[in-house]
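Every number here is computed from the coordinates shown, using simple stated rules; none is lab data. Just so it is clear, the model here is predicted, and its values are computed rather than measured. In this analysis, Cβ positions are derived from the backbone assuming ideal geometry, glycine residues included, and neighbour counts consider all displayed protein chains.
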Amino acid sequence: MTSKTAAARYARALFDVALHEKADLELIEQTLAGFNDLFETQAALKRVLLNPAVPVPRKRAAMVELTALANAPTIPAKLLVLLAARDRLILLPDLLASYRERLMNYRKIVRAEVTTAVPLTGDRLRAIEQRIATLTGSRVALEARVDPAIIGGLVARVGSVVYDASLTRQLEKMRERLGQ
């Protein structure tokens, strides 16, 4: 089992428990994100907690202390202690990403990315966001990027689907047709 698969299973279990317990889903996400940020900013802590030479009971005790000091909510605190007890804290970044995806799906929010050759105005971005919302039937978390290499038009990525209406792609299609 890959680490992403294991992290996704932990995230699913965490999300299911949180729903069952009617816990604050966003607070759980913020707690996981806070601990993930803590590990990323405190290299010494990360080295110790991820080091296989450090005994697991010490890692567990450290995580109990950290969650208590952070006044972490019960559900994510128990998960973090469990991960430490199983020496699986390395899964935290993937677990956080998977939990966020589940939360967005639950809230019926679709992630979309629009790439254009030049920056778009706020009105144009809102119009694109509205169009994607209409197509998907979901609220949209839109991220805009600029890539001059596409020359013109736009490339939209909605979930795992890519809509390429860039001038570069249109020129490639013309080249393919003319080359035949």
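Odds and ends about this structure:
- The coefficient of translational diffusion for segment 3-105, derived via Stokes-Einstein from the alpha carbon Kirkwood radius under 4 °C and 1.567 mPa s, stands at 95 µm²/s.
- Restricted to Cα atoms, the chain shows a radius of gyration and a Dmax of 21.5, 68 angstrom.
- Residue order for Met174, Met63, Met104, fewest other beta carbons within 10 angstrom first, comes to Met174, Met104, Met63.
- Computed [θ] at 222 nm, deg cm²/dmol, the chain (DSSP H ≥ 4; -39,500 (n - 2.57); rounded to nearest 500): -20000 deg cm²/dmol
- Relative to the longest principal axis of the Cα atoms of the chain, helix 92-106 runs at roughly 60 degrees.
- Counting every pair of alpha carbons in segment 108-179, the share spaced more than 19 Å apart comes to 37 percent.
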